[in-house]
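Everything below concerns the one structure shown next.
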Amino acid sequence: MRGVTSEIELGPRALVIADLHLDVADPERVEPFARWLDQLGDVTRLVILGDLFDVWVGPAQAREKGAPRVLAALAACTQRGIGIELVPGNRDFLLDRSFAERTGARLHADGFVALCDGRRLLFIHGDTLCTKDVGYVRLRRVLRSRPILWLAPRVPLALGSRVARRLRRESVRALAAKLPDEKSIQRSAVVTAARAARCDTLVCGHAHEFRDERLEGGIRFVVVDAFGGARDAVKVDAKGELTVGESGIGTQSERAQVLLPSAASGPLRLIAIDGPAAAGKSTVARLVAQALGLTFLDTGAMYRAVTWMALERGVDPHDADGCARIARAIKLTFDSTGAIRVDGRPGEPAIRSQAVTDAVSPVSAHPGVRAAIVPLQRIEAEKRGGIVAEGRDIGSVVFPGAGFKFYLDASSAERARRRVNELDQPELYAETLQKIQRRDHDDSTRKDSPLKIADGAIVIQTDGMDARAVAEIMLTRIRSAATAS
Ligand code: DC
């Protein structure tokens, strides 16, 4: 029943996951999760903390092509004795009794308290902890009002899905305009919720980013990574002890390709900056990101990271399969300053070495490498609710629906001059010029996603201008478009 937090004995071996965002319209995207469920063993209970589905508008959703496979895999789990406790999230709060009957899962609209050897742990989705986000709190209340809950399951699937996707687009857009603190989980809300339920631990999802903190009064607060992330599964034993781990669904890039809905990048607040090597894209992108309160994504760093690993492991940069294997296997993350980490190691300064710079063009040209890296870029954008991304194919391939696309150019002589000044090595001018021209040629003539001016991109010729002046031009365009709309 809504408004009542149930209490359950969790049992000896529970596994907690969250935020899978399965798109049931596409059987291929749900298959890996269904297989993961088929192989799930040594677990007595599976706890899913919301947003199992990217959109769930009512029982009719179960007729989508990919739904029967997931529902059957969930039902098979319960038949094997794995109890499923499901806390609906903000995307799938319309999961209802018919879903529970088909799968055997127990639904807990407002979360539940797990009883473990005298301890009490609170499990919720987590959206209710974003208490500063007044707009969202209001929307949530409306969506869960009696009239909507009555109406939603009765609307035809096509209409319901359209409305749900529209709402989702609007909310992502609204989210991008909010300050980070406004839209994030508030620690004070965590403490209040845990105390109200008389729990010493609160576990949730929703934020898509792992956290493990001790709060006021010793309350432990854990956020599970979105499914597919590095810390996306938490085990809970009979005593209520938590062990953080990985679901093991596959490599990061495999998970990204399968689990992330293809439309994810569309509605975001995205600013794409493309252009040739050494055009000053990253300096300008940082300035623009800073001015707009967005984060900056250096996509070149991701291809450099693959190249670094290839060189370190003795893989020839021209070996397409070898490089693609590396791109699929390594784990790329970004720290709070935006610097890349490769399998947990800082990528800087190794990814900027001359050896990496010399080898990165052929590595980034392999379609298998790009197929592994591009979904990660979309995930980063989705996670952060919008970004300023710079690279070669951002406006043309990665985010063709970006709100703003820029193409920064400069003559190769100017770019070589900037680079040697940056390094304070004027004697390397001729060599640098030659390398830049070579990279221009390679990046713009490769078959997969060549460097080009994306449709609708604003081209800025930057010869003789410093980064601030270029950023100012871009910001003026962005602001005037924003106020005009
Ligand atoms: O911007 P950069 O010099 O760090 O990029 C390194 C290489 O990565 C560059 O030669 C082309 C490639 N790259 C790409 O193919 N696509 C991107 N989106 C970004 C970079």
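Filtered by the rule that a residue be polar (S, T, N, Q) and either more than 14 Å from the ligand (Cβ to nearest atom) or under 24 Å from Glu209 (Cα atoms) (or both), segment 291-329 gives Thr295, Thr299. When segment 86-122 is filtered for residues that are closer than 17 Å to Leu242 by Cα and of a type outside the set (Phe, Trp, Tyr), the ones remaining, listed by number, are Val113, Ala114, Leu115, Cys116, Asp117, Gly118, Arg119, Arg120, Leu121, Leu122.
Within the span defined as segment 410-426, one or more residues are outside any helix (DSSP H, G or I) and open to solvent by less than 30 Å² (accessible area, probe 1.4 Å). For the subset of segment 389-409 comprising residues that are within 21 Å of the chain's Cα centre (by Cα) and open to solvent by less than 10 Å² (accessible area, probe 1.4 Å), which member is nearest to the ligand (Cβ to nearest atom)? Per the stated criteria, the residue is Gly391.
Of all the criteria given as (1) open to solvent by 50 Å² or more (accessible area, probe 1.4 Å); (2) in a loop (DSSP other than H, G, I, E, B), the one not satisfied by Arg325 is (2). If you go through segment 187-214 and pick out every residue that is over 19 Å from the mean Cα position of the chain (by Cα), hydrophobic (A, V, I, L, M, F, W, C) and in a loop (DSSP other than H, G, I, E, B), you end up with 2. The single condition among (1) touching a strand residue (DSSP E or B) at 6+ places or on another chain (Cβ under 6 Å); (2) closer than 23 Å to Leu294 by Cβ that Gln461 does not meet is (2).
Whether a residue is hydrophobic (A, V, I, L, M, F, W, C) and outside any strand (DSSP E or B) was assessed, and Ala109 passes this test. Of all the criteria given as (1) modelled with pLDDT under 95; (2) among the acidic types (Asp, Glu); (3) more than 11 Å from the ligand (Cβ to nearest atom), the one not satisfied by Asp358 is (3). On the basis of being within 19 Å of Leu52 (Cβ to Cβ), assigned by TED's automatic domain parsing to the domain that holds Gly66 and modelled with pLDDT of 95 or more, does Val191 make the cut? No; evaluated as a whole, the condition is false for this residue.
If the condition is being buried (at least 17 other Cβ atoms within 10 Å of the Cβ) and in a loop (DSSP other than H, G, I, E, B), then segment 348-373 contributes only His366. Quick one: in segment 330-355, of everything that is of a type in the set (Val, Ile, Thr) and under 16 Å from the mean Cα position of the chain (by Cα), which residue is farthest from the ligand (Cβ to nearest atom)? The residue in question is Thr333. The set of residues in segment 427-465 that are open to solvent by less than 80 Å² (accessible area, probe 1.4 Å), in a helix (DSSP H, G or I) and away from the ligand (no atom under 16 Å from the Cβ) comprises Leu428, Tyr429, Ala430.
The values are calculated or read from the model by the stated rules, or taken from the named source; none is laboratory data. Quick caveat: nothing in here was measured; it's all calculated off a predicted structure. For neighbour counting, all protein chains shown are included, and Cβ atoms are generated from backbone atoms with ideal geometry for every residue, glycine included. Side chains included, ligands, DNA and RNA excluded: accessible areas come from the protein's heavy atoms. Shrake-Rupley method; radii C 1.70, N 1.55, O 1.52, S 1.80 Å.
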